[in-house]
Amino acid sequence: MASEARTCAVTGFRVYRQTENLIKANAVAAVVFLLIGGIAAVVVLLTRWLGLFAPRTFYQFIALHGWSMLIFWIIFFEVAILYFAGSVMLNARLAGTRLAWGAFGLMAIGAAMVEAAILRSPLNHLSFQPYPPLRGTWDFYLGTDLFAVGALLAVAIFFATVYRARKEKASQGPLPLVVYGAFVTAVLAVATLLVGAMVFVPAFLWAVGLVPSLNPFVWKLVYWGYGHPSQQINLGATISVWYLLAFLTVGGTTPSEKISRFAFVLYLVAINLGSAHHLQTEPSGALSVGWKWINTGYLMHLAVLGSMIHAFAVPGSVEIGQRARGYDRGLFQWLARGPWRNPAFSSLVLSVALFGFLGGTTGVIAGTEQLNLKWHNTTAIMGHFHGVVVAGTTLAFMGLTYYVLPLIFRRRVVAPRLAAVQPWLFGIGVGLMVLAFLQLGVRFGLPRKQPDVFAFGRSPLAFRYPPEVFALLTVAGVGGLLALAGGALFVALVVGTVLGGRRLTDEELRREYAIPQPASNPGHARDVGVRGTFILCLIFAAFFLAMYVANYLNLARAWPIGH
Amino acid sequence: MAVAPERVYWHERVSRLERIWVALAVVMVVVFFSAMMLVWHAVGRQNTEGRAFRVTPAAYRAQVEAFARQYQVGEEAGRPVVEPPPGSDVYMYATRFAFYPILRLRAGERYTLHIASLDYLHGFSIAHPHQWNLQLYPGYEWVLPFTPTTPGVYNLACNEFCGLGHEFMLGKIVVVER
């Protein structure tokens, strides 16, 4: 037991005890914030749907929900992924374990400070768009700064670990695709967190009175160099996790290593420029047409091209794995005969489908210069980012957790039947909610961050929305409740397993979690094994184009502006 | 372990279907979607082509109030209802927690909208029936031409969180027959 490392019975990776403990700590912290964010979501949901809580409570809980989910849950989990990718997958000792515990401490203190600040003062009812001149208290900004410093440290440790693995020849040959993706994500994370410092350090100085004022326009411009890229980190991490899950669940590997890696490079080159789309509704006198076009057109779309490539390569990996396992008949036998009882597999499939159809397409549409006039700050934006980071990232991370529990915690997941249902409950719930948000935003212009669409705080200019709006709010509410039930079930399964799951022996692990080995030659599969994926992608492209054109047609009916 | 390739397959052939897909994606996203942004500037009637100026909130407020006094035709909810000449410049400000004043406009006339925030970031959303949304900042005046096309009552809502009371922040544009 006291040995420094063990060899994983399933993957053959060398797992260092210190790495394992750090992965556990970060994953547990992540789930704690998922729980806090989920509880906050109950208040947010019941207020928007039924007007159950006062606007003031709503603002507080939407701040709590946003920071818990978008930053703390996801980044803690991503740090766990980085340590897994850098240390476990490359068979290397983590570079600087003590520093890694320091990073964990900084992140935990920072996150706790932000949450406490939101709970203690209404000045800190600042959602994920905490724009000056709204001014929070010093601890709100200091908390974000400490968290960012901790996260930066964790990223640095990842880089040092990869360097050590190569130098000590613990890992040779090309990096595995998953580590390659994590590496690109880590580079993006450095840029993101440094830009975050460029806005949150001045904000802190302003909150304590050392800086007299901040220019709100410049602050928002720079802020989105942090706000959106922090979610691009999630994109990179999610896609890396998809490739990992395709391998773990069906033994699938990408149809083309070089194309998949090229797609990650496109992210590296272009994706952070896309944050410019947060300034689309400002007139060209403030930001020129050329500036918007270059940033959110060609440059952003290079990153979108990367995503389109993954949209083919990820399902392609699953198809290749399944066909190699012998499910080679027709176009879709590989999909129909997937290991659906494995919650990690259904999480993967649902996450890819929902992310692509709902999250990805809407991101491109909302980020298009003119179409943004219809989307900006409506519930459609909530539709987009719940499609991406909830149905996509969160569901993918949940899927991976069904492997973290047996392989890292070495405990059998309790209640396997409930676990098999959990991704469906969560995925279908979020999907319904997203569809309703999109309709409400684009068709009915329902504002986001608006707690009272019933009486508008008894404003003398209050107006009444048509009944369809309330019907759609009910759809969103029911979807949200399903998602919350799925989320609660997930947390219950994790807690139940960590505390009470039966310990697995190496023999049991090998038997129950064996990575499927190809029955036939995978080289054969690479050539012809992606026909089903190709058809699915054509359907996706047709849907994407139809949505895009429909949005321009919808815009064309609005009052002319800037003409 | 097969999770890592034995070597990077730089020389490995990419399957025909994947090559077709990448080509399709390039045409769709990089060519078509990007080009649409410029095409719509040429053929579309909903763009953000306008001007922007730095203003002091006090000076801008005085300008809007002078405009409201000059063309006031009534009052609603404690705010002046203002009917400027068709096709003229119309002024509005956003402040916690109101849009000021209420505008009465002629359908089909092209007006020039001046809009700015006096204090915090606000959203200028012609929310219901839904037209479009603009982002406002204190200290910046946006100037954009627009044409209210169909008669009706158009409700404005702030869709950027601007403090406790944000839910209360509404406004109105009434469009009447020409």
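If R0 is taken as 56 Å, the Cβ-Cβ distance between A:LYS24 and B:LEU38 corresponds to a FRET efficiency of 0.60.
Excluding A:PHE84 itself, what net charge comes from residues whose Cβ is under 12 Å from its Cβ, given Lys and Arg +1 and Asp and Glu -1? Summing Lys/Arg as +1 and Asp/Glu as -1 gives -1. Across q = 0.28 Å⁻¹, the range B:20-62 modelled as identical point scatterers on its alpha-carbon atoms has Debye log10 I(q)/I(0) values of -0.92, in the order of the q list. Interface between chains B and A: roughly 9000 Å² of accessible area buried, both sides summed (probe 1.4 Å, protein heavy atoms only).
Please work out the FRET efficiency for the pair A:VAL478 and A:ARG120, using the Cβ-Cβ distance as r and a Förster radius of 30 Å; give the result to the nearest 0.05. Numbers along the way, then the final one.
Working: r = 34 Å, r/R0 = 1.12.
Result of the calculation: an efficiency of 0.35.
Take every Cα pair under 8 Å whose residues are at least 6 apart in sequence, average their separation, divide by the length of the range A:432-563, and the relative contact order is 24 percent. In order along the range A:337-342, the phi-based Karplus estimate (6.51 cos²θ - 1.76 cosθ + 1.60, θ = phi - 60°) of 3J(HN,Hα) comes to 9, x, x, 5, 6, 8 Hz; Gly and Pro are listed as x.
Loop only per DSSP, at most 14 neighbouring Cβ atoms within 10 Å: give me the trypsin sites (Lys or Arg not before Pro) in the range B:58-137, ordered by residue number. Please report the intermediate quantities before stating the final value.
Details: sites: B:ARG61, B:ARG69, B:ARG96, B:ARG104, B:ARG106, B:ARG110; in loops: B:ARG96, B:ARG110.
Passing both the DSSP loop test and the Cβ count: B:ARG110.
With the cut-off at 25 Å, tell me which of the pairs A:LYS374/A:LYS449; A:LYS24/A:LYS220; A:LYS24/A:LYS449; A:LYS220/B:LYS172; A:LYS374/B:LYS172; A:LYS258/A:LYS292 have Cα atoms farther apart than that. Where the Cα-Cα span goes over 25 Å, the pairs concerned are A:LYS24/A:LYS220; A:LYS24/A:LYS449; A:LYS220/B:LYS172; A:LYS258/A:LYS292.
3J(HN,Hα) along the range A:115-129: 4, 5, 4, 5, 6, 8, 9, x, 4, 9, 6, 10, 6, 6, 10 Hz, from the Karplus curve 6.51 cos²θ - 1.76 cosθ + 1.60 with θ = phi - 60°, whole Hz, x for Gly and Pro. Annotation: extensible slack from A:ARG503 through A:HIS563 equals 14.8 nm (criterion: 0.36 nm per residue apart, minus Cα-Cα distance).
The range A:257-320 and the range A:141-174 have their alpha-carbon centroids 25 Å apart.
Between the alpha-carbon centres of the range A:9-69 and the range B:101-160 there is a gap of 37 Å. Counting, for every residue in A:303-316, the Cβ atoms of other protein chains within 10 Å of its Cβ and taking the mean gives 3.
Taking amide H as placed 1.01 Å from N in the peptide plane, the amide H of A:ALA5 sits under 5 Å from that of A:ARG17, each at least 5 places away or on another chain.
For the range A:336-417, the alpha-carbon radius of gyration amounts to 1.40 times the rule-of-thumb value 2.2 N^0.38 Å expected for a compact globular protein. Only Cα pairs under 8 Å and 6+ residues apart enter the sum, and on that basis the relative contact order of chain B stands at 20 percent.
Shown in residue order for the range A:48-60 are the 3J(HN,Hα) couplings computed by the Karplus curve 6.51 cos²θ - 1.76 cosθ + 1.60 at θ = phi - 60°: 5, 7, 10, x, 6, 10, 5, x, 4, 5, 4, 4, 5 Hz (x for Gly and Pro). Averaged over the residues of A:444-455, the number of partner chain Cβ atoms lying within 10 Å of the residue Cβ comes to 6.
If I build a Gaussian network model for chain B, linking alpha-carbon pairs within less than 10 angstrom, which residue out of B:LEU105, B:LEU118, B:LEU134 has the largest mean-square fluctuation? Between B:LEU105, B:LEU118, B:LEU134, it is B:LEU134 that shows the largest mean-square fluctuation. Ligands, DNA and RNA are left out, and with a 1.4 angstrom probe the accessible area of chain A is 33 Å² per residue.
Multiply the residue gap between A:ARG56 and A:TRP101 by 0.36 nm, knock off their C-alpha separation, and tell me the result in nm, one decimal place.
12.5 nm is the gain from fully extending A:ARG56 to A:TRP101.
Here's how it looks for B:TYR91: its modeled amide H is under 5 Å from those of B:HIS114, which are all 5 or more places away or on a different chain. Where q = 0.14 Å⁻¹, what log10 of I(q)/I(0) comes from the Debye formula for the range A:450-563, counting one point per Cα? Once normalised to I(0) and log-transformed, intensities are -1.07. Taking amide H as placed 1.01 Å from N in the peptide plane, the amide H of B:SER117 sits under 5 Å from that of B:ALA94, B:TYR137, B:GLY139, B:TYR140, each at least 5 places away or on another chain. Counting Cβ atoms of other protein chains within 10 Å of each residue's Cβ and taking the mean over peptide A:89-96 gives 1. With all protein chains in place and a 1.4 Å probe, the accessible surface of the range B:129-174 carries 67 percent carbon and sulfur. For the range B:82-122, averaging the sequence separation of C-alpha pairs within contact (under 8 Å, six or more residues apart) and dividing by the residue count gives a relative contact order of 50 percent.
Sorting the segments B:49-59, A:387-397, A:432-442 by their mean number of nearby beta carbons within 10 angstrom, highest to lowest, gives A:387-397, A:432-442, B:49-59.
Residue-normalised convex hull volume from the C-alpha trace of the protein assembly as shown: 145 Å³ per residue.
How large is the helix-only mean residue ellipticity at 222 nm for the protein assembly as shown, computed as the sum of -39500 (n - 2.57) over DSSP H runs with n ≥ 4, divided by its residue count, in deg cm²/dmol to the nearest 500? Kindly include the intermediate steps, with their values, before the conclusion.
Values: 25 runs with 401 residues, N = 741.
Mean residue ellipticity, 222 nm, calculated: -18000 deg cm²/dmol.
The values are calculated or read from the model by the stated rules, or taken from the named source; none is laboratory data. Computed from a prediction, not measured in an experiment: that's the story for all the values here. Here the Cβ is made from the backbone with ideal geometry for all residues, glycine too, and neighbour counts use every protein chain on show. Note: accessible area is taken over every heavy atom of the protein model, side chains too, but ligands, DNA and RNA are not part of it. Shrake-Rupley method; radii C 1.70, N 1.55, O 1.52, S 1.80 Å.
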